[in-house]
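We did not get these values from a lab; they are worked out from the coordinates using the rules stated. Note that the structure is predicted; figures quoted are calculated from it, not measured. We place every Cβ from the backbone using ideal geometry, glycine too, and count neighbours over all the protein chains shown.
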Amino acid sequence: MNYRSDIRNIVIIAHVDHGKTTLVDAMLKQSKVFRNNQIVGELIMDQNAIEREKGITIMARNTAVIYRDVKINIIDTPGHADFSGEVERVLSMADGCLLLVDSIEGPMPQTKFVLRLAMKMGLKPIVVINKIDRRNSRIAEVLKLTEDLFLELAISADQLDFPVLYASAREGTVVTELGMKGKDVTPLLECILGKVPPPKIESGSFQMLVSNLAYDSHKGKIAIGRIWRGKVAPHQLVVSVGADGSITHYEISEVFTYLGLKHLKVEEAEAGDIVAVTGLDKVNIGDTIASLEQTEALPRIEIGEPTVEMTFGVNTSPFAGREGHFCTTRQLWARLYRELETNLSLRVQGTDSRDTFLVKGRGELHLAILIETMRREGYEFEVSKPKAITKIVDGNLVEPVEVLTIDTKDEYFGVLTEMLSKRQAQLTDMRNDGHDDVRLVFHVPTKGLIGFRTVFSTVTHGESIMNTTFLGYEPYHGDIISTRNGALVASEQGIAVTYGLNNAQGRGCTFIEPGTLVYEGMVIGLNSQPKDIAINVCKEKKKTNVRSSTSDISIKLAPPVQLSLEQAIDFINDDELVEITPGNIRLRKRLLTQAQRSKDRSSSRRSVKQ
Ligand SMILES: Nc1nc2c(ncn2[C@@H]2O[C@H](COP(=O)(O)OP(=O)(O)OP(=O)(O)O)[C@@H](O)[C@H]2O)c(=O)[nH]1
Ligand SMILES: [Mg+2]
């Protein structure tokens, strides 16, 4: 067996926001992969618009730096639990992992989740305690908790022998001992060279596993992965081996390797390196690309199952087709189908209705990001309330359960535990920092988390943080009854006016501004009572001949509660939908007229009685 001593392959893993992408920034900046006058900014690897707006990584990405003539291929991964599929698919490209842990938060459920995956893959770990510049950091305690986590998860003894570094990724400094003054990230680069094993090279002809796909309008599909054996060059003849073992013949067009944010076109790449190749227009993630002589496949990538589903349907609102470029069933299906190629933990299937598809993902955010992406591309459609996916195992109905971690203040403990117990959550841990801050850990079925995020930020006044991670499947505990209040529903189509909205605000809170176009059956607010009520928000004040007052002008409306896409999805009930268009996110009743809704209510009452 040979080794490539001129390469190291590492993946960066951590809980959300612990500083992975910022640490990659620091490595890129120090390695001078940018021209001196190039303005590079922050979170350089988060290139997609939604990532930049939300400040989170959604997709795993490759980059590389050169240090002392060794190329370090770096894979940045998302830390949010909903994008765990992105971590799962890229781990096999690496030989080592940097596990980042925030110096205040310490190991979080997702830290455990990703470390378990990395240990299973046999990756050599390096622990980086990050954000040591933060006031109140509790580094010694965090390190102890991290060591405990390794004791629990390590598969072999040598995985317990990991180096520990201390970083301020934001300042671009890493030190090997606490108290040392940091200068740059050299200690990290040295540690990677010294501790991460160089890639092993098996003998034989070309073989690579496709771990990721990208698209380019000129080059077409780009297959990204690590070469396990042999060499690859432009115009080489290869085969791809599909999931069912089927073999397709191709000629490689171009071969690229990574350096900084660039793809470098190369004449040849060898085993141990991570490459991007073009010319294979039907290849999929998980396929093996191999030489014609040795066509055996590498083990396919295993990705966790989806836990949440919702329907995506053609827009059926009275405003359908006004704002979108792509509005038909065929266009919606083609777009969802295309997404399956790269979004590995997504599933799409047909339903009884021709115009509606069932889309399954790893969580509400996973699906919300897809919805937002499609909306920006010009799609128009409607989605239903998300549901947790149950399944039958050994004849028993089981449901997904998650670990919910809440960092909050003492004063919210009562209200949170009460709300969560109605959602079938069980408190499994509680830690008080001796002051006012408390960390609560619950096990809660996924169905209990749907609709929770919005009420959570309301009751804790936006002062608390919640995180969830998939735990496993448990026997189904029965349904949860929605406790949401009724909706304020527009009773007529037209333009909402101050007078009409003021009437609505007498009943509850409203979601729209005066001047908004509404249709009958559109949800325009939340009632303060459990029942829905229909209100004519387009109704003007009766004009009298005497201009007795300027009351209409003097009406002061409370500002509308503006729901984000995620909040809208979280908010709706089963008998409601969210209408998505490039210009608007509207909530609506499934049945638009009051007559239809009362007929439906009385028929469901009858069926209950029978
Ligand atoms: N004080 C301090 N803040 C940091 C440090 N490193 C990162 N941050 C901040 O932490 C936040 C999250 O950083 P990211 O690099 O986006 O974290 P991430 O792990 O890539 O997050 P995801 O990709 O969404 O999982 C940003 O606001 C950073 O500026 C650090 O060393 N010190
Ligand atoms: Mg990131």
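Treating r as the C-beta distance of residue 606 and residue 217 and R0 as 51 Å, the FRET efficiency rounds to 0.35. For residue 204, the residues whose amide H sits under 5 Å from its own are 230, ignoring neighbours fewer than 5 places away on the same chain, with H placed 1.01 Å from N. Residue separation of residue 593 and residue 517 scaled by 0.36 nm, minus their Cα-Cα distance, works out to 25.7 nm of gained length. Multiplying the residue separation of residue 2 and residue 261 by 0.36 nm and removing their Cα-Cα distance gives an extension gain of 90.3 nm. For the pair segment 87-118 and segment 366-381, the centres of their Cα atoms are 29 angstrom apart. Only DSSP H runs of four or more residues enter the estimate; each adds -39500 (n - 2.57), and after division by the residues of the chain the mean residue ellipticity at 222 nm equals -7000 deg cm²/dmol.
Annotation: lysines with alpha-carbon distance below 16 angstrom to residue 181 (same-chain offsets under eight excluded): 131.
Its residue count N sets the reference 2.2 N^0.38 Å, and the alpha-carbon radius of gyration of segment 196-251 equals 1.27 times that reference. Between residue 415 and residue 254, what's the calculated FRET efficiency when r is the beta-carbon distance and R0 is 56 Å? Round to 0.05. Given R0 = 56 Å and the Cβ-Cβ separation, E is 0.45. Once both labels are positioned 7 Å from their Cα atoms along Cα-to-Cβ, the gap between residue 69 and residue 352 label points is 7.0 nm.
Taking Cα atoms only, the orientation of helix 20-30 departs from the longest principal axis of the chain by about 50 degrees. Each label was represented as a point 7 Å from its Cα along the Cα-to-Cβ direction; for residue 305 and residue 528 these points are 4.5 nm apart.
Rg ratio for segment 155-310: its Cα radius of gyration over 2.2 N^0.38 Å, N being its residue count, equals 1.30.
For a protection proxy built on the mean count of beta-carbon atoms within 10 angstrom, sort 370-377, 263-270 highest first, please.
Working: 370-377: 17.6, 263-270: 14.9.
Answer by packing, highest mean first, reads 370-377, 263-270.
Note on segment 332-392: Rg/Rh from Cα positions, Kirkwood definition for Rh, rounded to two decimals, is 0.93. The order of 421, 464, 384, 217, going from fewest to most other C-beta atoms within 10 Å of their C-beta, is 217, 421, 464, 384.
How are the C-alpha pair distances of segment 46-142 spread across 10 Å bins, as whole percents from the shortest bin up? Going from the shortest bin to the longest, the percentages are 14, 41, 37, 9.
Pairs exceeding a 20 Å alpha-carbon distance, out of 20/54; 200/262; 71/262; 221/265; 112/422: 200/262; 112/422.
Over segment 160-226, all Cα pairs binned in 5 Å intervals from 0 give whole-percent P(r) values of 3, 13, 15, 12, 10, 12, 15, 12, 7, 2, 0, listed from short to long.
If I stretch the segment between residue 339 and residue 509 completely, what's the gain in nm (0.36 nm per residue apart, minus their alpha carbon distance), one decimal? Display every interim value, and only then the final one.
Working: separation 170, 0.36 × 170 = 61.20 nm, distance 3.70 nm.
Stretched out fully, the residue 339 to residue 509 stretch lengthens by 57.5 nm.
The distance between label points at residue 193 and residue 134 comes to 3.1 nm (points 7 Å beyond Cα on the Cα→Cβ vector).
Listed by chain and number, the lysines whose alpha-carbon sits under 19 Å from that of residue 539, ignoring those within fewer than 8 places in the same chain, are 556. Based on alpha carbons, the Rg and Dmax found for segment 266-397 are 18.9, 60 Å. Packing, taken as the mean count of other beta carbons within 10 Å per residue, orders the peptides 482-494, 465-477 from highest to lowest as 482-494, 465-477. Taking every alpha-carbon pair in the chain and binning the separations at 20 Å intervals from zero gives 17, 47, 29, 6, 0 percent. Candidate cross-link partners of residue 360 among the lysines, defined by an alpha-carbon separation under 17 Å and a same-chain spacing of 8 or more, comprise 385, 387, 391, 447. When the trypsin sites (Lys or Arg not before Pro) in segment 143-226 are filtered for DSSP coil states and for at most 13 other beta-carbon atoms within 10 Å of their beta-carbon, the remaining sites are 181, 183.
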